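Read the structure below first, then the notes.
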Amino acid sequence: MDSEDDMHDANDIESLDDDFYSGETEDAPLDYYSDYDDEADDYFEDADESDKIKSRRPEQNFTILRESDIEQRQEDDITRVSTVLYISRVDASILLRHYNWNVSQVHEAWFADEERVRKTVGLLDKPVVEFPNARELTCGICFENYPCSRIESAACGHPYCISCWEGYIGTSINDGPGCLMLRCPDPSCGAAVGQNMISLLASDEDKKKYSRYLLRSYIEDNKKTKWCPAPGCEYAVTFDAGNGNYDVSCLCSYCFCWNCTEEAHRPVDCGTVAKWILKNSAESENMNWILANSKPCPKCKRPIEKNQGCMHMTCTPPCKFEFCWLCLGAWSDHGERTGGFYACNRYEAAKQEGVYDESERRREMAKNSLERYTHYYERWASNQSSRQKALADLHQMQTVHIEKLSDTQCQPESQLKFITEAWLQIVECRRVLKWTYAYGYYLPEHEHAKKQFFEYLQGEAESGLERLHQCAEKELQQYLSADGPSKEFNDFRTKLAGLTSVTRNYFENLVRALENGLSDVDSNGAASSKATSSKNGAGSSKGRGGRGKGTSRINKMTDDSSWSCEHCTYANGASVNTCQMCRQQRR
């Protein structure tokens with residue numbers, strides 16, 4: 001019989017299950033297994049309802065910047081500072097670089113203490129040295145005399161010949177982005193060397209490098225902007241904190257986390273991702289495998305893996321020590337009286353006496369740890385592989401199949417967007433599902449109720465995703481290979497669109513549940529009061545997997561002016577009896 005704790009956990013999961021699938025949870029999918037209505041045209045032609053659906057999704061809180069966008073923003077900031085402070089654009093650029101392209105900080109510091117800012121940044125009001133009537137000047141680097149036409153100076157007035165300037169500037173640019181903060185060659189002078197000097201004295205190649213450094217500094221020195229971390233991508237992203245979602249989707253199709261710049265990993269936090277990536281790349285699992293599957297040679301201590309059935313082991317040269325795999329004793333002491341080739345009475349006796357308990361315990365712990373890690377890693381990697389395949393299928397669909405399907409079914413490509421949306425949803429869900437395995441690996445073992453609830457939600461998510469993936473991959477093939485229009489295509493369209501919507505809603509709720517730390521389960525393994533009260537108020541029979549199917553709670557009015565659809569959870573107006581989303585009749 002089940003223990004009281006097991007019964008308690010099962011009741012908790014049942015209670016939480018009710019709450020997770022209820023109409024009280026926004027957008028919660030209720031039933032993966034309902035039949036779809038065939039009125040597809042109404043669904044796709046209802047623009048007002050489409051707008052409502054879009055309004056339920058979180059607003060995008062980032063902007064993708066092309067190189068031209070970066071240049072324009074940079075020029076706008078320079079112009080703004082130059083206009084407000086009445087300084088040249090060159091000086092404004094130097095100021096902005098010093099304050100990491102933060103316009104408000106420049107204004108605040110300048111109006112607080114202009115003299116201190118000028119001294120710190122190197123913007124001088126007047127030259128330090130002047131030679132008003134000189135015909136020739138001595139270069140401060142090569143100490144050669146040159147006519148004034150061959151001498152150039154920064155704002156400080158220190159004279160240097162053009163050749164020395166070119167060498168000084170060229171070396172600084174070749175040394176890297178530090179050239180953006182270039183100062184006068186005089187060690188005692190802090191005057192800034194601006195872009196006007198670079199344009200006048202640098203070579204064409206060095207000018208391009210300097211311009212590139214300047215452009216990149218606008219992104220790399222600005223806390224609100226970052227480069228897309230995808231290899232070869234030249235887009236940048238500006239981010240506005242708001243709804244707590246740090247996932248960014250670049251125009252190159254790469255999705256990453258704004259906080260840690262790793263691949264987008266909701267619902268797992270950045271710290272867990274860092275630990276998981278480190279664990280996947282570290283040697284710790286190699287050592288666990290060695291400990292679990294090998295034993296040290298009693299003589300030379302090298303680890304040895306047993307790859308044959310016999311207990312008679314021989315170490316590799318030059319050691320060549322022969323020993324028993326079980327008790328690690330010399331093989332010369334073994335024979336029929338110690339159990340023969342496939343057993344060892346000495347080992348069994350010693351084990352009963354407790355001699356091998358500690359080493360065996362360590363080996364068993366290592367083996368269990370390795371098996372647990374392998375379980376989660378294989379599924380993490382499997383979903384990653386499936387996601388890559390889905391990305392390839394999406395590209396194939398967009399570039400080849402959509403056009404072919406449009407011709408075959410005699411429908412415009414705009415009416416086939418539901419296929420692309422389905423594949424985009426598959427790609428996103430594969431990513432989320434992949435990271436749930438990292439979440440599960442670090443979920444504390446002692447929190448049994450949370451673990452049980454998590455595994456249930458994860459299993460349901462995987463089941464729903466497989467239904468969507470199979471529909472988009474397998475069922476679509478008959479229409480791709482058809483010679484002409486099919487009467488069943490509208491039914492397929494409604495089914496695929498419905499599966500996409502339900503799967504999206506379910507995964508959004510799954511992400512929220514995990515990001516909240518499965519807060520509906522308290523630390524004692526009991527359901528929260530909200531989930532418990534939800535269960536008590538249901539008063540319904542159970543369907544597949546413990547979900548309420550056809551319950552009074554699902555069909556109840558969500559408020560005085562709307563009702564929640566049992567099929568897709570869409571909130572419909574009280575005056576209609578057919579769901580405006582999936583066209584199912586109100587029950």
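The values are calculated or read from the model by the stated rules, or taken from the named source; none is laboratory data. Everything numeric in this text was worked out from a predicted model, so none of it was measured. Reconstructed Cβ throughout: ideal geometry from the backbone, glycine too, with neighbour counts over all protein chains shown. Just so you know, the surface numbers come from the protein's heavy atoms only, side chains and all, with ligands and any DNA or RNA stripped out. Shrake-Rupley method; radii C 1.70, N 1.55, O 1.52, S 1.80 Å.
Given a Förster distance of 22 Å, report the FRET efficiency between Thr83 and Glu205 from their Cβ-Cβ distance, rounded to the nearest 0.05. Numbers along the way, then the final one.
Values: r = 33 Å, r/R0 = 1.49.
Approximately 0.10, to the nearest 0.05.
At most 10 other Cβ atoms within 10 Å and a DSSP loop assignment: could you name the GluC sites (Glu not before Pro) in the range 113-182 that fit?
Values: sites: Glu114, Glu115, Glu130, Glu136, Glu144, Glu152, Glu166; in loops: Glu130, Glu144.
Passing sites in the range 113-182 are Glu130.
Taking 27 Å as the cut-off for C-alpha to C-alpha distance, list the pairs among Lys275/Lys295; Lys119/Lys226; Lys389/Lys417; Lys434/Lys474; Lys279/Lys389 that go past it. Intermediate values should be presented prior to the final figure.
Details: Lys275/Lys295 29 Å; Lys119/Lys226 30 Å; Lys389/Lys417 20 Å; Lys434/Lys474 22 Å; Lys279/Lys389 25 Å.
The answer is Lys275/Lys295; Lys119/Lys226.
Considering the zone a paramagnetic label at Glu136 would reach in this model (a point 7 Å from Cα along the Cα-to-Cβ line), which residues of the range 145-172 have amide N under 18 Å from it?
Those under the cut-off are 145-152, 159-164.
Explain nothing, just the number: dipole magnitude of the range 67-226 about its Cα centre with +1 on each Lys and Arg Cβ and -1 on each Asp and Glu Cβ, in debye rounded to the nearest 20. Write down the numbers at each step before the final one.
On the way: 19 positive and 24 negative charges, 49 e Å.
Dipole about the Cα centre, nearest 20: 240 debye.
Projected onto the charge dipole of the range 67-226 (+1 at Lys/Arg Cβ, -1 at Asp/Glu Cβ, origin at the Cα centre), which of Ser93, Tyr160, Ile141 gives the Cα projection farthest towards the positive end?
Most positive-ward Cα: Ser93.
So, in nm, how far is label Asp113 from label Glu488 when the simple model puts each one 7 Å beyond its Cα toward the Cβ?
The two pseudo-label positions are separated by 8.0 nm.
Report the calculated FRET efficiency for Glu220 and Ser104 (r = Cβ-Cβ distance, R0 = 22 Å), to the nearest 0.05.
Details: r = 19 Å, r/R0 = 0.87.
Approximately 0.70, to the nearest 0.05.
Taking 51 Å as R0, compute the FRET efficiency from the Cβ-Cβ separation of Val129 and Ala230 and round it to 0.05. Can you show the working numbers first?
Working: r = 51 Å, r/R0 = 1.00.
After rounding to 0.05, the efficiency reads 0.50.
Are any of the pairs Lys126/Lys223; Lys299/Lys367; Lys224/Lys450; Lys126/Lys209 more than 32 Å apart by Cα-Cα distance, and if so, which? Present the calculation step by step, with values, prior to reporting the outcome.
Working: Lys126/Lys223 34 Å; Lys299/Lys367 24 Å; Lys224/Lys450 37 Å; Lys126/Lys209 30 Å.
Listed pairs above 32 Å: Lys126/Lys223; Lys224/Lys450.
Please compute the per residue accessible area over the range 67-226 with all protein chains in place, 1.4 Å probe, rounded to a whole number of Å². Show your work: numbers first, answer last.
Values: 8910 Å² over 160 residues.
For the range 67-226, the solvent-accessible area averages 56 Å² per residue.
Rounded, prolate or oblate for the range 67-226? Axes are the square roots of the Cα gyration tensor eigenvalues, ordered a ≥ b ≥ c, and the cut-off for rounded is a/c under 1.5. Working shown, then result.
Working: a/c = 2.37, a/b = 1.48, b/c = 1.60.
It comes out oblate by the Cα gyration axes.
For the pair Cys270 and Gln396, how long in nm is the line joining their label points, each one 7 Å along Cα→Cβ?
3.8 nm
Length gain on complete extension for the stretch Asp333 to Glu515, per 0.36 nm per residue less the alpha carbon to alpha carbon distance?
Working: separation 182, 0.36 × 182 = 65.52 nm, distance 6.02 nm.
Answer, rounded to one decimal: 59.5 nm.
Computing the accessible area with a 1.4 Å probe over protein heavy atoms, can you report the carbon and sulfur percentage for the range 67-226? Please report the intermediate quantities before stating the final value.
Working: 4250 of 8910 Å².
Ligands and nucleic acids excluded, carbon and sulfur reach 48 percent.
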